[in-house]
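Asks: Structure incoming, see below.
The values are calculated or read from the model by the stated rules, or taken from the named source; none is laboratory data. Just so it is clear, the model here is predicted, and its values are computed rather than measured. Cβ placement follows ideal geometry from the backbone for every residue including glycine, while neighbour counts extend to all protein chains displayed. Heavy atoms of the whole protein, side chains included, go into the accessibility calculation; ligands, DNA and RNA do not. Shrake-Rupley method; radii C 1.70, N 1.55, O 1.52, S 1.80 Å.
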Amino acid sequence: MFDTILSGQIIQYLFTGLTIGAIYALTALGFNIIHNVTGIINFAQGDFVVWGGLLMVMFARFFGFPLPVAFFSVVGVMVFIGAFIYYFNIRPIKKPSILTMIMVTIAVSIILQGVAMFIWGKEPYALPSFIEGPPVYVYGAYIMRQSFWVLGISVAMVLFLTFFFNRTLIGKAMRACADDPGAAGLVGISTPLMICAAFMLGSALGAVGGAVITPITLMEYDRGAMIAIKGFGSAILGGLGSFSGAVIAGFMLGILESFATGFVSSAYKDAISLVLILGVLFTKPEGLFGSGANKKA
Amino acid sequence: MKKTAFILFLSVFFFVLSTASGWAADNEPYKIGAIVAVTGNASFLGDPQRNTLEMVVDIINEEGGINGRPVELVLYDTESNASRAVTLARRLITRDNVLAVVGPSTSGESMAVIPVVNRAEVPMIAFGASTRIAEPVEERKWVFKVVPGDDLAIRLKYDYMKRNGIDKIAIATASTDYGISGRQHMRELAPEYDIDIVFDDTYGPGETDLTALLTRIRGTEAQAIINWSIGRTQIVITRNWKQLGMTIPLYQSYGFGSARNIEMAEGAAEGVIVPVSRIVIADLIADDDPHAPVVKRYKRLYEERFNEGVSVFGGHAWDAMFQLRDALAEVGPNRSAIREYMENISGFVGNNSIFNRSPQDHVGLDMDAYVMVKVKDGDWAIIDE
């Protein structure tokens, strides 16, 4: 009896952790894409997630779009916002030092949060699950149907990114810019264009995360900072710049938080994950899975 | 030239002074001071309170004032800031020379203002919810309260649970002032009702997923869950409770008493049990309920005038203002006589139920201040029996 309850609990915590971890992983990937191409940490990454969620609510609930249409509209709008941010905030900087670029992304984060507050107000918004239905019962655990969507879409995004960066011309060009912007320029790759592409991809990725998680966690305008911290933490844990590291670290962080809530107390959940991030930064700054190549970060 | 101007000024000055004092003798308004959080993070409390205070003063003056004298409201905004509330309370007492103070909106502000009114010997009717505002009564000589405390809501819940054979419960509270106060009262009162708290945990106010916490409760013998929080987490826990297919009932704090919460839970709130103030369920109250005339009148007048839904918080302002009107009509403009009247008020019917105060109890409310309701078909339904 005790064992079934315990194993049921463990499966429950595992799925809760995987679900929230998927969002951390997507956010960490967003950090990595923009960091790899530009060398900066985009502090607005968490706000992309918020915007993704709130736009999804707006399209699906208030405009009444069918879910797939709403989903791709959200991605479309966020790709546009990503390009907009690049053209009006990043590109005009005359001497793009790392510090000024980072300050600009902080400003972008504040602006996105403020605009979201004006459009949607301060209250949280809910969204129905993509497919309605009772939770699935697995070995003593109840798993929400939306969790499968979150996990499925996250895996799909990781596969897509792997394909994109290894097999497509523009993906390879972005990697070239990341490796050596000077050499990339010499062979005719336009670095500004690649940076713009990185912002478009990063904001779309964040928006996907927001759109799929909102049915589970609700969404409101000021959630961005916490998501950004956890996503950034995952990116650091996984070794800044490493895609596979970010995904593994994101899931790890989510599972750790969930087990901390389950076996210790939810009051200490954030503290435990932040202490872990600090610990890694102190002892192994290149990240758990980081290689020597990423040390320059 | 200068001299003429000066004489002219003096004569005008004395003319104004003489007419003013002559008018003051028989028609000087009764001045009542109000400090509420119109702006800042407690504006959801202070805004409906400001509206209600202005509305009630208009009602009283339209009815011919009190003993033929109009009421004048001097209202300041505390900006949800306790130290500002203290400054403004001093200003009301020393500069505006008010007869009594109503407000402040939050418990923190109310606590901060208590020493000021006690020293100046001015009666205050606070809108904060904390039980400490009116206790210990020896140190609260000039302080009164119109808001029923957390303890009353918890007593009502425990009482209801006992009658339904529940004696093992799980409590989940947010780590905010509101949650901490609720948790403290739940733990204190449980032995009195022979209720065993088999699970007790807190969570952060920003929590987005409470399935792990609920899963732990599932592993205990708890027969019911009480959640004590305001804001998003009370919706999150409701949705998670439904998503996990939990069969034990979920009780929420009175903070859940808003139609928007049912809406945001998207069907998950069905079956949730909440103690609410009557104003939340004004339309459901039977016409022969003694509270019906007051609660229904307040709701109708407020919604007509301000075009927005009435709230529990504005109801506190209504109760305080009408108590003061009764006091002034009875004893006239004398601060210590007003205090004495307020202390012995009995049978006063307000939005927060019927007040029966005494020198030992500066609130004067009992469990009847709340009504147990259940969410049914997306709306509140009064639990009979």
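Asks: Against the longest alpha carbon principal axis of chain B, how many degrees, from 0 to 90 and to the nearest 10, is the axis of helix B:2-27 turned?
Replies: Once rounded, the angle reads 50 degrees.
Asks: Taking both sides together, what accessible area is buried at the B/A interface, probe 1.4 Å, expressed in Å² and rounded to the nearest 100?
Replies: That pair hides around 2300 Å² of surface in total.
Asks: Now for a different question. With the other protein chains left in place, how much accessible area per residue, in square angstrom, belongs to the range B:149-286 at a 1.4 angstrom probe?
Replies: Solvent-accessible surface per residue comes out at 32 Å².
Asks: Here's a follow-up. Quick one: with all protein chains in place, what share of the accessible area of chain B is carbon or sulfur, to the nearest percent (1.4 Å probe)?
Replies: On chain B, the fraction of accessible area on carbon and sulfur atoms equals 51 percent.
Asks: Give the relative contact order (percent, whole number) for the range A:1-124; include only Cα pairs under 8 Å separated by 6+ residues.
Replies: 28 percent
Asks: Threshold 30 Å², probe 1.4 Å: give the residues of the range B:240-273, in number order, that are less accessible with all protein chains present than with their chain alone.
Replies: B:Gln243, B:Leu244, B:Arg260, B:Met264, B:Glu266
Asks: Still on this structure, I have one more. Take the alpha carbon atoms of the range B:101-137, find their center, do the same for the range A:1-75, and report the distance between the two centers in whole angstrom.
Replies: Distance between centres, Cα-based: 46 Å.
Asks: Right, another one. Compute the helix-to-body angle for B:82-94: its Cα long axis versus the longest principal axis of chain B, expressed 0 to 90° and rounded to tens.
Replies: Roughly 30 degrees between the two axes.
Asks: What percent do you get for the relative contact order of the range B:151-276 when only Cα pairs under 8 Å and 6+ apart count?
Replies: So the answer I get is 26 percent.
Asks: Kyte-Doolittle mean at least -1.0 and Cα extent at least 18 Å along the axis: which DSSP H helices of chain A qualify?
Replies: In chain A, the long hydrophobic H runs are A:2-38, A:45-57, A:67-85, A:98-120, A:145-167, A:191-217, A:224-237, A:243-263, A:269-283.
Asks: May I pose another question? When chain B is treated as a GNM, springs tying every alpha-carbon pair under 10 Å, which of B:Ala174, B:Ala222, B:Ala286 comes out with the largest mean-square fluctuation?
Replies: Looking only at B:Ala174, B:Ala222, B:Ala286, the biggest GNM fluctuation is shown by B:Ala286.
Asks: Build a GNM of chain B with springs between Cα atoms under 10 Å: which of B:Val310, B:Val101, B:Val36 gets the top mean-square fluctuation?
Replies: Among B:Val310, B:Val101, B:Val36, the largest GNM mean-square fluctuation belongs to B:Val310.
Asks: Continuing with the same structure: Please go through the residue pairs A:Lys122/B:Lys157; B:Lys145/B:Lys299; A:Lys230/A:Lys284; A:Lys122/B:Lys374; B:Lys141/B:Lys296; B:Lys157/B:Lys296 and name each one whose alpha carbons sit more than 23 Å apart in this structure.
Replies: Among A:Lys122/B:Lys157; B:Lys145/B:Lys299; A:Lys230/A:Lys284; A:Lys122/B:Lys374; B:Lys141/B:Lys296; B:Lys157/B:Lys296, the Cα-Cα distance tops 23 Å for A:Lys122/B:Lys157; A:Lys122/B:Lys374; B:Lys141/B:Lys296; B:Lys157/B:Lys296.
Asks: In debye, nearest 20: dipole of chain B around its Cα centre with unit charges on the Cβ of K, R (+) and D, E (-)?
Replies: The calculated dipole for chain B is roughly 1200 debye.
Asks: Which of the chymotrypsin sites (Phe, Trp or Tyr not before Pro) found in the range A:126-198 are loop residues per DSSP with 12 or fewer other Cβ atoms within 10 Å of their Cβ?
Replies: Those that pass, being in a loop and sparsely packed, are A:Tyr139.
Asks: Give the shape of the range A:36-187 as rounded, prolate or oblate, defined through the alpha-carbon gyration tensor: a ≥ b ≥ c are the square roots of its eigenvalues, a/c under 1.5 means rounded, and otherwise the shape is prolate if a/b is larger than b/c and oblate if not.
Replies: Because a/c hits 1.5 or more and a/b fails to exceed b/c, the range A:36-187 counts as oblate.
Asks: Further, regarding this structure: Percent relative contact order of chain B, based on C-alpha pairs within less than 8 angstrom and at least six residues apart?
Replies: Relative contact order here is 16 percent.
Asks: Now a separate question. Where does chain B land at 222 nm, in deg cm²/dmol rounded to the nearest 500, when only DSSP H runs of n ≥ 4 count, each adding -39500 (n - 2.57), divided by all residues?
Replies: Only helices count here, giving -14500 deg cm²/dmol.
Asks: Sticking with this structure for a sec: Springs between alpha-carbon atoms under 10 Å, Gaussian network over chain A: tell me which of A:Leu18, A:Leu276, A:Leu29 tops the mean-square fluctuations.
Replies: Maximum among the listed residues: A:Leu276.
Asks: Among rounded, prolate and oblate, which fits the range A:171-251 when a ≥ b ≥ c are the square roots of the eigenvalues of its C-alpha gyration tensor, a/c under 1.5 means rounded, and a/b larger than b/c means prolate?
Replies: prolate
Asks: Given a 1.4 Å probe and heavy atoms of the protein chains only, how would you sort A:Ser203, B:Ser175, largest accessible area at the top?
Replies: Largest accessible area first, the residues go B:Ser175, A:Ser203.
Asks: What do you get for GluC sites (Glu not before Pro) in the range B:53-117 restricted to DSSP loop and a cutoff of at most 14 other Cβ within 10 Å of the site's Cβ?
Replies: Sites meeting the loop and neighbour criteria: B:Glu63.
Asks: Still on this model: Under a point-charge model restricted to the Cβ atoms of Lys and Arg (+1) and Asp and Glu (-1), what is the dipole moment magnitude of the range A:1-155 relative to its Cα centre, in debye to the nearest 20?
Replies: The calculation lands at about 540 debye.
Asks: Let me ask another. DSSP loop (so not H, G, I, E, B), at most 13 other Cβ within 10 Å: list which chymotrypsin sites (Phe, Trp or Tyr not before Pro) in the range A:173-234 pass both filters.
Replies: Nothing satisfies the criteria.
Asks: Tell me which aspartates and glutamates have Cα within less than 17 Å of A:Lys172's Cα, excluding those fewer than 8 residues away on the same chain?
Replies: Partners within reach: A:Asp180.
Asks: Can you give me the accessible area per residue for the range A:42-148, using a 1.4 Å probe, in Å²?
Replies: 52 Å²
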